[in-house]
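Accompanying notes for the structure given below.
The values are calculated or read from the model by the stated rules, or taken from the named source; none is laboratory data. Treat the numbers as computed from the prediction; the structure is a model and nothing was measured. Glycine gets a Cβ as well: all are built from the backbone with ideal geometry, and neighbour counts include every protein chain shown.
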Amino acid sequence: MNSSTKQQNRPQAMRVLPIRKCSLKGLNFVCSLAVVSAVGCISYLFSSSFIGGIGEGVAFANETSEQPVSELDQLQLLNGRFDRRLALYRILEDADESSLNEIFDSSTHLSPSGLQLEVESLVAEKWSTINPRAVLAKISDLPELRFRHLVEVIYDEWMRADRSEAIGFASRWSQHKKQIVFESAVLPRTDLGLGEKLEIGRQLDIQYIASSLLEEQAESAPISDAEEYWKSFHAKHRNAFSDLRRDQLSNIAQSLVAEMGAKAFHLVDETTENVDDKNRILPLIATRIASADPRVAYELVVDRKRDETGMLSRIVSGWASVEPKDAFEAVSQIVNSNKRRYMQETVIGLWTRKGSPTELLERLNEFPHDFRSMARERALESLGSFSPEEALEKTQAVQDATVRNRLENSIVVSWAKRNASAALAWVRSEPAVQYKRTRLMADILSGMARKNFDLALETALAEPVDESGVGLEASVIRGVVPLPPDVAQELLSRMRNEQTKLRGMLSVGAGFLQLGDRESIDRAWSLSELLRSEEDRHRYLRSLVFGWIRYGQEQDLYRRIDQFPTKELRRHAAQMLITNESDKFTDNQLERLNSYLVDEMEEASDEQSSELQ
């Protein structure tokens, strides 16, 4: 049997193809399945069991113009990247330009997106060996991230085949796209010298950009003699560190510390006169030193008179997270009392978060006396984050009523965010907090409303009103403002009495003012019409004055001042604007505002005169 007959009798999937090298990037791929027989998975890939599982099309037999796309669909069934790439090489092996165009278009439906990019890259690579201009035209309108990736693939192929032609074609593009070509396909090339890269930049007419990119690349490269490099770098960029990228400076800092240790800090500090330059580079050096020995880094920065960047705080925080006791002892020696206190509190805060809160509470005597109270508070708050009932029980031992009250409130509100029902049950049943039950429940229901409004409102309506007659449903509304107008109107109608409606309306009105548009402000104003008594309307409108100021709506308040129904409200609005926002008004406007206050003074004078008569 001759070789031709043997070839014909082989299973279709195991045909021996002529051995040739493909130019696809990263592989000298030998497109012969004869040499793939050593890879066990390939025999499965083209076996009858695999073909039976996903269809005869995967066998890559009887290629037609329709076949590449149908085979492309099957790639999604292959799990391994190696198997996928091998199958894809087989699909692309004999594809012509028309087929490549069709495969590229069909790849858009592939999932995940990484598979799509993998297919696009290999198609572009293959296509660039046939007609690079056509594939570049194909990708010209893609999003920049995909465009940048594919340009790298295409130009790597094209420049190796015909650099002059490839660069000549790119020189007709926009400056931005020319820069992409240089960054993606020229800058990474290790086989091109600096002069060659600069010449390509000149041919692309972006020589200044190319020079800058090459300079940045050089500054980011590993440094052999850090001290000499620093002197050269500092002389070149003196007083202009702010123009440099952080990674450039970070690379220099790393190299200096690796070679010189703590001496690097002194070198840079002594040779850098510009304060802004120091603030850019010294924290990077100090951080590198601290990662190896935080005590050494601490001693370098603790006595510095100026620390605009917070070097000391960062170093102390890092040290305290590993060795809190040592860090505390060190910061306790700081001479400046304000700095010492701040650093001690920083360490204590990290110390209490480092270990078990329960253990810390049992070892409070290990903390300095002045900080035991603070340590206990932090530990109880930490304990409350996962065991609130235990934390609340231990809180009862706190003798300072103010501290105890604050801790209870903090732990309960935090608990309610995770389990509102459990927090409510505790508040209802715990005798020690019944005196502030309404306030605690108001805070819980306000937060609860954001997750389950209906349950929060139902719970609030089931509770009695407080001593002032206000129901907890007002707190529910407070938790969800600002509200759509129709929802606000409906909720206010469900308030059980006028006192509660007024309290809820104060929140709704403030929410409308916070939105800031004219329509919302008009709605905030018109809400007063829902209140029955003149006294309640007065209280509501008076509160709106503060809202106008708080949310920066002073000009709208100025325009409406004559619409307030009473002289007292007009005077109040004018006084608030003059006191808080006088710099926002012209002299004429201020004169008008002052006129409301003059009227008040004249009335008072008239009243005093009549009393004397």
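Could you grab the pairs with beta carbons closer than 7 Å, sequence gap of 6+ or different chains, first residue in region 168-190 and free of Cβ contacts under 8 Å to residues at least 40 places away in the same chain, second one of a type in the set (S, T, N, Q) and in a helix (DSSP H, G or I)?
SER171/GLN203; LEU187/GLN217
Looking at (1) under 30 Å from GLU120 (Cα atoms); (2) in contact with a helix residue (DSSP H, G or I) (Cβ under 9 Å, 6 or more places away or on another chain); (3) not in a helix (DSSP H, G or I), which is the only condition ASN239 fails?
(1)
Determine if region 248-266 includes at least one residue that is of a type in the set (Asp, Glu) and part of a helix (DSSP H, G or I).
Within region 248-266 (the criterion being of a type in the set (Asp, Glu) and part of a helix (DSSP H, G or I)), the answer is yes, since at least one residue qualifies.
Find all pairs meeting these conditions: Cβ atoms under 8 angstrom apart; at least six residues apart or on different chains; first residue within region 129-150 and more than 15 Å from ILE103 (Cα to Cα) and at pLDDT below 85; second residue aromatic (Phe, Trp, Tyr) and part of a helix (DSSP H, G or I).
SER140/PHE147
Applying the selection to region 385-435, what residues are closer than 22 Å to LEU455 by Cα, of a type in the set (Lys, Arg) and more than 36 Å from the chain's Cα centre (by Cα)?
Correct list: ARG428 only.
Identify the residue in region 524-549 that is basic (Lys, Arg) and either surrounded by fewer than 19 Cβ atoms within 10 Å (Cβ to Cβ) or closer than 21 Å to ASN580 by Cα (or both) and, among all such residues, is modelled with the lowest pLDDT.
Ranking the qualifying residues of region 524-549, first place goes to ARG532.
Might you check whether a residue that is of a type in the set (Gly, Ala, Ser) and over 30 Å from MET159 (Cα atoms) occurs anywhere in region 178-198?
No, region 178-198 contains no residue that is of a type in the set (Gly, Ala, Ser) and over 30 Å from MET159 (Cα atoms).
Out of region 394-437, which residues are of a type in the set (D, E, K, R) and not in a helix (DSSP H, G or I)?
Selection gives ASP400, GLU430.
Would you be able to tell me the number of residues in region 467-486 that are surrounded by 15 or more Cβ atoms within 10 Å (Cβ to Cβ) and either assigned to a helix (DSSP H, G or I) or at pLDDT 90 or above (or both)?
Selection size over region 467-486: 10.
Does ALA253 qualify as being crowded, with 18+ Cβ neighbours inside 10 Å, at pLDDT 80 or above, under 30 Å from ALA166 (Cβ atoms) and not β-branched (Val, Ile, Thr)?
Judged against the criteria, ALA253 is not a match.
From the set of residues in region 394-407 that are within 18 Å of TYR435 (Cβ to Cβ) and not aliphatic (A, V, I, L, M), which is surrounded by the most Cβ atoms within 10 Å (Cβ to Cβ)?
So, considering only residues that are within 18 Å of TYR435 (Cβ to Cβ) and not aliphatic (A, V, I, L, M), the one surrounded by the most Cβ atoms within 10 Å (Cβ to Cβ) is THR395.
Could you count how many residues in region 554-598 are assigned to a loop (DSSP other than H, G, I, E, B) and either more than 21 Å from HIS538 (Cα to Cα) or at pLDDT below 90 (or both)?
Number of matching residues: 2.
From ILE154, ILE180, grab the single residue that is within 22 Å of ARG84 (Cβ to Cβ) and either under 38 Å from the mean Cα position of the chain (by Cα) or part of a loop (DSSP other than H, G, I, E, B) (or both).
ILE154
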